[in-house]
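For reference, the structure is listed below as structure tokens.
The values are calculated or read from the model by the stated rules, or taken from the named source; none is laboratory data. The structure presented is a predicted model; accordingly, all values stated were derived computationally and were not measured. Cβ: placed from backbone, ideal geometry, glycine included. Neighbour counts: every protein chain shown. For the accessible areas, the whole protein counts, side chains as well, though only heavy atoms, and no ligand, DNA or RNA atoms are used. Shrake-Rupley method; radii C 1.70, N 1.55, O 1.52, S 1.80 Å.
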Amino acid sequence: MIAPDHAPASRPQAPQGDPSAPLLSVRDLHVQYRRPGRRSTPVDAVRGVSLDVPRGRSIGLVGESGSGKSTIGSAILGLTPVTSGTVTYAGTDITHASRSERRLHARRMQAVFQDPFGSMNPAVTVGDTVTEALRHNLKLGKQEIEERLLRALDDVGMPASCAERYPAQFSGGQRQRLAIARALVMNPEFIVCDEPTSALDLSIQAQILNVLLDLRERRGLSYLFISHDLTVVRHLCDEMVVLYAGAVVERGPAHVVAESPAHPYTRALLASAPVPDPDQQRARRELRLEAGNAGSGAPRPDHGCRFAHRCPFAVDRCATAEPTLAPVGDSAAACFLAEDIRERGLLA
Amino acid sequence: MTTTASSRGFLRSLLSKPMSAASLIVLAIIVIATVFAGVLAPYEPDAQDLTAALQGPSSAHWLGTGELGRDVLSRMMYGGRVTLIAALIAGATFILAGVPAGMLAGYRGGRFDQVVLKTADLVFAVPVMIVLLVVLAIFPGNEFAAMAVFGLLGAPGLARVVRSATLGIRNELYVKAAVASGIRDRVIVLRHVLPRVSGTILVQASVFTAGAVLMETGLGFLGLGTQNASWGSLVAEASRNLGIHPWLLIPSGAIIITFIMSVNLLADGVRDTLAERYTPPAAKVRAPRGGAKANAGASATAEATPVAGGADNAGAARASAAADPHALLSVRSLTVTLPIDGVPTDIIRDVSFDIQPGEAMGLVGESGSGKTMTALSILGLLPAGGRITSGSVTVEGTDVATMNKAALRRLRGGRIGWISQDPISSLDPSFTVGWQVAEAVRSHRPMSRRAAWQHALTLLEKVKLPDVERVAKSYPHQLSGGMAQRVGIAAALAADPVLVIADEPTTALDVTVQADILALLRDLQADGLGVLLITHNWGVLADLCDRAAVMYAGQVVETADLRALVHGPEHPYTAALLACDPHQARPGAPLPALDGAVPPPPQWPQGCHFQSRCPFVKDDCRTGAIALADGSDSSRAVRCHHPLTRQEVTL
Amino acid sequence: MSKIIIRWLLTALPVLFGVSVITFVLSSLVPGNAARAILGINATQEQVDALNTELGFDEPLPVRYWTWLTGALHGDLGVSVVNGLPVTEQIGARIGITASLIVGAVIVAAVLGVAFGVTSALRGGWLGKAVDVVALIGMAIPGFWFALVLVTVFAVQLRWFPATGYIMPSESVTGWLQSLVLPLLALGIPSAAPVAKQTRDGMLTEMGKDYIKVLRARGVRERSVIFRHALRNAASPVLTVLGIVAVVLLGGTVLAETVFVIPGLGGLAVNATSSHDIPTIQGLAVVFTMIVMVVNLAIELTYALVNPKARA
């Protein structure tokens, strides 16, 4: 049986323990996949990632495909088994929590996924989907459920009338709002957002980002925002964590990382992302040429710095030893030449 | 509550299909006639009338008589009991053994899953008929035992189907979302998995039961089943009397075929009804994207005759000008119609633009703006039913509408290359990529296979692939997205085209790879290749293009030199689309987002298509078509009654 | 290639073993016993015991199985309890006939099915609907009934082909072909229905894919787009269906051989079943399983030829 929930609808209670401690804390997380049916060596999807999400802050997790960013999100949500390391939520170790233990945390920790078309059962009404967790996990009264539903729909800018309709009747942007509402009805304090705007058009992405920003203000939410788009992360997040090949290569305040990267990979990412202004873009292009060809066809090394084969600054040492995260000013980077790279600035 | 409501809805939509309703009625009649044979049958099954043996239909014997003058109809009704009970036993065994195993294997995975899969693999190779003969050799005449074994032999197959359906649903995002919000497995299985798998189970079980009827009648025909009347023994009786009384074949075959067909039809109906409930709605909401629905008749547009412009493009001053004969590509007042829900609907309206030799021009817009459809209509590759209803597409001075099939084929790939969005799925998985590039070469130039292969290697080098010999011998699934896109570009360059159309060529790629592909396209353009780039990304546009046309809801709303467009948009939509790019915004501040969404083609309003979302809308925007007219200088054009000035934009 | 064969062996051997064990265990469950069943009610208990000893039925099951297995591995499947002939010999004399029926019927099903499937996918319209209807009826028709209809129409009424019987190719090649026409049609036509349906669905799916659009945009000839690209990619699931069809046909031959009075394995199986000839039916079960396995191997190899991913 789950514990009865008499919490008021307004705000979840503060957890026991140190209020200044981070809400979510990931320590030395490793996730290995074994490809089914083959006796191949396991794939290291995540290799020793640590990160904190302090209360009321938003952390962006950035990386390209294969960087392990979505795996980290799944591991935190308990959708992917963790090989080693710990995930702590509000002081409780939830690394290997059972479903019933997770149910208790689910009230505070929720998720929004990338594909707004796949994240709702097409045969169930929107109202039923949004309130599913409320009805099955919290056993609230009808009126309370109704109130929470209306408030959540209002918060994401959807009319109350939409509860009776089916997901098929909504556009991608509207469904993503509804997916956010589903997370909101639980009155969470923390939401894992896994590429929530990647499938959306630019104007719709802007709407969703505004909804997320607004909720952060009004409900005091914290986000772990997973994205491949540095610009979006920079816009929404306080801090940025850059992943490459399953490990953190750089972390720090979002504007510092985005403006003066200390890791060559972050620099390459920034230089590769084109900007709308043709003149600025030309300047970036030249920077990128100077930064070297990031997409060389050579295979990724399995010792030393994993980025060395693509890195224009690589020295002999990079091939033998793997650098660890070390402080560089306000941020930290896993590069032997971090200071130099930062010195160079983004627009050398 | 919800389940009963939805199952009622299910029955209603099932019965609304005439075939399903008819099958259900036929099955009901057969079952009632069989179950109540004792009351309904005109004779006892074994009642003999030696004076009337082997006779055709008559008023006394509706379906005639068989050996010993036994009434065929009565024997058919009584015989149905044997056959149907046997089928029911097989079906029940099939479900009871297969469903739990399959669901458990699919939902839990792990070792049990492996066992189920392996068993299914092994049982698949067992010759069913001979095993049943073994059973009957050992238990003579015990048809029910044989049928239970038949069900058991089928069960691993069902388990496999149920398992993969369950696994598929388990991996659906909405199940993940439910798991992430802490919903119990029991609830997930009952609410999300079972309703969706039940259709599959029902379909599999009915098809299997139909197979059991075939099997039972076969055994009956061989005389290995029970000695009582059954549908199979009726056929056996017919076969003994083929020479003298072939009529007997008709009723016995008809009842078996009718029954099985009804079961299969009903199963089809169930499957379709369920599919409707679970169809992702994307296709319903939007116009079909790209050529996804294209079929063999796709080149139909080649025959379409341009019609004089309708009311909508009457006033398009610039657009109605003659095509530019010196341009590589000149599109004039192009209007394209496609059936949506059976209604012919404009999906592109009055689109005009030119590309000069060596120029890189961008078509930028959100999904649903008609960018891809515009590009497809240039090559005459619209989806089935799509037609150019007015306007023209002129390539190097020749109107595409006047080209015959052969000329159109030379145009595609020969003069205009095509680079598509998803590089891997754009290559045929069954051929090496070198072969595919060589095929593109040979489609336009007669040369030997060896020469074409050599030329393909040169092309692969031209797109800067490393180790071309090895890459050429690879299959698409062995390449990364970036390499596959280079192969796609090489194939597009096979016949030295003057223009390439690149439809979102980097959308599926990581940013670092995107930058490499854009650099390659830029190099090719520098060598004199014209480029039409379709994109929704302002940055990609800025990286490659000199000029751009902004599309919204099937129309070009603004055309200008890119620098002028970005720094001083004149159409409110251009301004809004630029503003909601977070590049321009102060971090953490609300973005100046546009409310609402692009209206789908059937809902385009009178007047300006952007009116419902435009902050500057005035009364005259809601009436009459708006032409693409000169902007603030003659190098640009804008489709707006109240174009923005520079002051308004900076506000 | 060798990987496929090894994988195949890993399936084939357990299946053969399993089938033989199961038939053995089942036969030990015989109500009464086999000797009684053979000798009939009137035999004395001594006669029954003597036969039991002679047949080895008084030994424990594992011992009997071991004896049978070592024999089987040397090509000796035992002796029929009904006519005393070696099972291997009887099967050897008939297996060619059944195999040619199955191979012939699979070819008929493949040719008809693919031809109809492709045509209906490309033409759509009434032809597509016609293939749907034919496939629906085809899947509902009992093969033996269809065989009887063919016999009635073409042999009894029109006298184009012999109604029943089998002519060895050594006697007369034309006679052999004539005697095979009706059985092959009877087996092949209903089997073509699922092949046609799968071919049509597969072709429609492939024709809607991105790469087809891109091939057209490259100016590749339509003939090549359809046959070289779309059909080849649609082929894999068609082969799977053909594999299933072949297994089902094995059952179908039992019935067809009965209808057409062809001296193949099917007739042997039916006779063995009705006369409780356990050694014969056991041997047949193993041989039939081997035929299925060979068909599966052929399908696997063709599959690898068509689909480069399966080769890896």
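Worth a mention:
- Across the protein chains, with a 1.4 Å probe defining accessible surface, the residues B:LYS464, A:LYS142 rank A:LYS142, B:LYS464 from largest area downward.
- Once the convex hull of all Cα atoms in the protein assembly as shown is built, its volume per residue stands at 222 Å³.
- Degrees between helix B:449-462 axis and first principal axis of chain B (Cα, 0 to 90, nearest 10): 50 degrees
- By the Cβ distance rule of under 4.7 Å, chain A has these cysteines without a partner: A:CYS162, A:CYS193, A:CYS237, A:CYS311, A:CYS335.
- In degrees, nearest ten, helix A:278-291 long axis to first principal axis of chain A (Cα): 60 degrees
- Taking Cα centre as origin and charging only the Cβ of basic (Lys, Arg, +1) and acidic (Asp, Glu, -1) residues, the dipole magnitude of the protein assembly as shown rounds to 280 debye.
- Shape category assigned to chain B from the gyration tensor of Cα positions, a/c cut at 1.5: prolate
- For region C:288-293, 3J(HN,Hα) per residue [Karplus equation, 6.51 cos²θ - 1.76 cosθ + 1.60, θ = phi - 60°, Hz, x = Gly/Pro]: 4, 4, 4, 4, 4, 5
- Considering only B:ASN404, B:ASN241, B:GLY154, the residue lying farthest towards the positive end of the dipole of chain B is B:GLY154, judged by Cα position with unit charges set on Cβ.
- Residues whose amide H lies under 5 Å from that of B:THR345, counting only those 5 or more places away or on a different chain, are B:LEU338, B:ILE340; hydrogens are built 1.01 Å from N in the peptide plane.
- The residue among A:ALA206, C:LEU148, B:SER13 whose Cα reaches farthest toward the positive pole of the charge dipole of the protein assembly as shown, with charges on the beta-carbon of Lys, Arg, Asp and Glu, is A:ALA206.
- Mean partner shielding of peptide B:182-191, defined as the number of other chain Cβ atoms within 10 Å of each residue Cβ, is 5.
- Choice from A:MET186, A:MET158, A:MET240 with maximal GNM fluctuation in chain A (Cα, 10 Å cutoff): A:MET158
- Listed residues C:VAL173, C:VAL106, C:VAL292, most fluctuating in chain C (Gaussian network, C-alpha, under 10 Å): C:VAL173
- For chain B, lysine pairs with C-alpha atoms less than 30 angstrom apart, excluding pairs fewer than eight positions apart on the same chain, total 14.
- Helix C:125-140 axis versus longest C-alpha principal axis of chain C: approximately 10°, rounded to the nearest ten.
- Spatially proximal aspartates and glutamates relative to A:LYS139 (Cα-Cα < 13 Å; intrachain offsets below 8 disregarded): A:ASP5
- Solvent-accessible area of A:ASP229 with every protein chain in place, 1.4 Å probe, in Å² to the nearest 10: 50 Å²
- Shielding by partners - mean other protein chain Cβ count within 10 Å, residues of B:109-122: 1
- Carbon plus sulfur fraction of accessible area for region C:145-295, probe 1.4 Å, in percent: 67 percent
- Positive-pole candidate from B:VAL556, B:VAL82, B:ALA597, dipole of chain B, charges at beta carbon: B:VAL82
- Pairs of lysines in chain C (C-alpha under 22 Å apart; 8 or more residues apart or interchain): 4
- Among C:VAL25, C:VAL270, C:VAL118: highest mean-square fluctuation, GNM of chain C, C-alpha pairs under 10 Å: C:VAL25
- Amide H partners (placed H, <5 Å) of A:LEU61, local residues excluded: A:PHE225, A:ILE226, A:SER227, A:VAL241
- For region A:204-279, the carbon plus sulfur part of the accessible surface works out to 46%, probe radius 1.4 Å.
- Average beta carbon contacts from partner chains per residue of B:218-230, 10 Å cutoff: 3
- 3J(HN,Hα) couplings calculated from phi for region B:605-616 with the Karplus curve 6.51 cos²θ - 1.76 cosθ + 1.60 (θ = phi - 60°) are, in sequence order, x, 4, x, 5, 5, 8, 3, 5, 10, 7, x, 10 Hz; Gly and Pro show x.
- Cα centre as origin, Lys/Arg/Asp/Glu Cβ charges: region B:573-625 dipole, Debye: 40 debye
- Carbon-plus-sulfur accessible fraction, chain B (probe radius 1.4 Å, protein heavy atoms only): 60%.
- For chain B, Cys with no neighbouring Cys Cβ under 4.7 Å: B:CYS545, B:CYS580, B:CYS614, B:CYS640
- Ranking of B:HIS192, C:HIS74 by solvent-accessible surface, largest first: C:HIS74, B:HIS192 (1.4 Å probe, protein heavy atoms only, all chains present).
- Nearest-10 value in Å² for the accessible area of A:CYS162, using the 1.4 Å probe: 0 Å²
- Highest average first, the peptides B:80-88, A:325-333, A:94-102, A:255-263 ordered by how many other beta carbon atoms sit within 10 Å of their residues are A:255-263, B:80-88, A:325-333, A:94-102.
- Backbone amide hydrogens, once placed in the peptide plane, bring B:ALA629 within less than 5 Å of B:VAL638, B:ARG639, B:CYS640, excluding anything fewer than 5 places away on its chain.
- Placing a pseudo-label 7 Å from each Cα along the Cα-to-Cβ vector at C:MET1 and B:GLN606 gives an inter-label distance of 7.4 nm.
- Local electrostatic count, B:ARG547, Cβ distance below 13 Å [Lys/Arg +1, Asp/Glu -1]: -3
- Charges were assigned to the Cβ only: +1 to each Lys and Arg, -1 to each Asp and Glu. The resulting dipole of chain A about its Cα centre is roughly 840 debye.
- Only beta bridges with both residues in chain A are counted; by DSSP, about 60 percent of them are antiparallel.
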